[in-house]
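K.L.:
Dropping the structure in here first, questions after.
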Amino acid sequence: MSTSPPTAEWFRSACVAELVRAGQWLDQAGVDRDEAVHEARKCVRRVRAWLRLLDSDHRQAITDIDQGLRQARRLLGPLRDAASRIEALDELAARRGFKGMRAVFAILHERLHAALGRCWKRRPVGGRAWRTVRAQLDELAGAIAGWQLATTNDAELRRGFARSWRRVRAGKLECLDERGAGRRHSWRGRVRVLLLQGQLLATRGAVGGVPELKALSEALGHEHDLALVATALRRMRPRADTEEALIVAAEALRLEAAARSDRLARRVLRRGRRPRWVRDEKR
């Protein structure tokens with residue numbers, strides 16, 4: 001017989017641990033505030049993805065929980081987005097073929113750092129928004145014991161996982177020959193949700209994953225980072241032809257990345273490649 005804990009107990013424990021970890025990261029913000037925000041936001045994202053494994057009646061019962069998680073992510077979001085633009089710009093600067101634009105990169109890097117500084121000024125460590133997020137995390141973690149999940153079982157999680165897989169495949173079809181950053185970012189979100197769900201279920205020994213799923217999520221993430229850089233540069237109103245050329249180059253690289261992501265998706269998401277659900281004894 002399996003010694004795994006009941007599904008509902010295991011699911012609650014996983015969510016509590018992740019929310020506690022998010023709070024711990026925020027408490028360490030004095031060491032590296034950008035990393036703290038990034039890691040805390042990832043913890044919140046995981047819990048939101050896991051909640052989508054539940055059937056509709058259970059999700060409706062904890063709607064306020066999901067809304068609280070969404071609000072926490074939105075408060076942290078601008079800080080992470082501003083930092084990710086700098087990371088993407090630095091990655092772009094390291095590519096071959098851009099050595100002649102070092103002066104332009106230095107100027108743009110300074111502007112993006114200034115934008116990040118303004119974000120932190122609006123949301124300082126220990127400020128109102130920060131305290132709100134921290135209190136929300138504690139409140140959400142403390143409320144998990146009351147989640148009405150008594151009837152949750154592995155079959156329910158299996159249905160949720162299959163539902164996410166279908167959403168990812170549907171998103172791929174919607175993005176067929178589509179190069180718009182907005183729609184592709186939405187598809188990336190679906191892929192990430194499926195990946196996070198699979199990682200959780202793998203800790204229970206319930207899923208045999210598709211290894212390339214993480215690679216696909218990372219490829220779509222790289223593509224999105226390039227879109228962020230191009231968008232940020234446009235908003236800064238280029239002051240020279242070299243800056244305009246950099247925007248064009250960033251967009252061209254994004255389109256190349258999109259083509260690579262599509263090729264990878266065709267391999268990962270082809271029919272019959274769905275992550276395998278490991279049939280275990282009833283828990």
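The values are calculated or read from the model by the stated rules, or taken from the named source; none is laboratory data. Keep in mind that what you see is a predicted model, and the values were worked out from it rather than measured. Neighbour counts run over all protein chains shown; Cβ positions are idealised from the backbone, glycine included.
K.L.:
Filter region 137-152 for residues that are among the small types (G, A, S) and either closer than 16 Å to D66 by Cβ or in contact (Cβ under 8 Å) with a residue 40 or more places away in the chain (or both) and give the result.
P.N.:
Within region 137-152, A141, A143, A145, G146, A150 meet the criteria.
K.L.:
Residue by residue through region 98-119, note down the ones that are within 26 Å of the chain's Cα centre (by Cα) and charged (D, E, K, R).
P.N.:
R111, R118
K.L.:
Would you point out the residue of region 228-265, among those that are under 18 Å from the mean Cα position of the chain (by Cα) and either in the same structural domain as D81 (by TED's automatic domain parsing) or at pLDDT below 85 (or both), that is surrounded by the most Cβ atoms within 10 Å (Cβ to Cβ)?
P.N.:
Taking the candidates together, the pick is V229.
K.L.:
Also: Take the residues in region 190-212 that are surrounded by fewer than 15 Cβ atoms within 10 Å (Cβ to Cβ) and not hydroxyl-bearing (S, T, Y), then tell me which one is modelled with the highest pLDDT.
P.N.:
By that ranking, first place goes to A202.
K.L.:
Would it be correct to say that R122 is surrounded by fewer than 18 Cβ atoms within 10 Å (Cβ to Cβ), within 21 Å of the chain's Cα centre (by Cα) and among the charged types (D, E, K, R)?
P.N.:
Here the answer is no, as R122 does not meet what is asked.
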